[in-house]
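One structure is given here, and the rest of the page talks about it.
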Amino acid sequence: MLKRLIGEHIELFWIPNNKIKNIKIDPSQLDQILANLSINAKDAIGNKTGKITITRDYKIFTKEVGKGTGLGLATVYGIVKQNYGFIDIATKINVGTTFNIYFPTVID
């Protein structure tokens, strides 16, 4: 699904981490987080080539002023807060922005 959202000029990498503990979140909300962050990255990359890497961190590129509605990140923030998580963001000019999203783990 994400590959269709971002287009052919952007590479998509998925690097799962089996050492991560379980979290309790509605799977559709996690899908919405991934979709919104990926669309945000697509808008930031524009017509250039680029890449999106998804691990348990989300690497996203910042958008230019006036691009998009800004609702995607607000939605991500709302979902994360609703699930008692938090977001840490780090930006490097001309490199990109990394969104680290943390959720509380659950005991099996």
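The values are calculated or read from the model by the stated rules, or taken from the named source; none is laboratory data. Bear in mind the structure is a predicted one, so any value in this text is a computation, not a measurement. Cβ: placed from backbone, ideal geometry, glycine included. Neighbour counts: every protein chain shown.
Restricting attention to region 1-55 and to residues that are assigned to a loop (DSSP other than H, G, I, E, B) and within 17 Å of residue 97 (Cα to Cα), the residue that is nearest to the chain's Cα centre (by Cα) turns out to be 55.
Whenever a residue of region 26-51 is basic (Lys, Arg), it has no partner that is modelled with pLDDT under 85 lying with C-beta atoms less than 6 angstrom away and at least six residues away or across chains. Against the definition (of a type in the set (Gly, Ala, Ser), under 11 Å from the mean Cα position of the chain (by Cα) and at pLDDT below 85), how does residue 72 come out, yes or no? So residue 72 fits the description; yes. Consider region 77-97 and keep the residues that are of a type outside the set (Gly, Ala, Ser) and at pLDDT below 80. The one that is surrounded by the fewest Cβ atoms within 10 Å (Cβ to Cβ) is 94.
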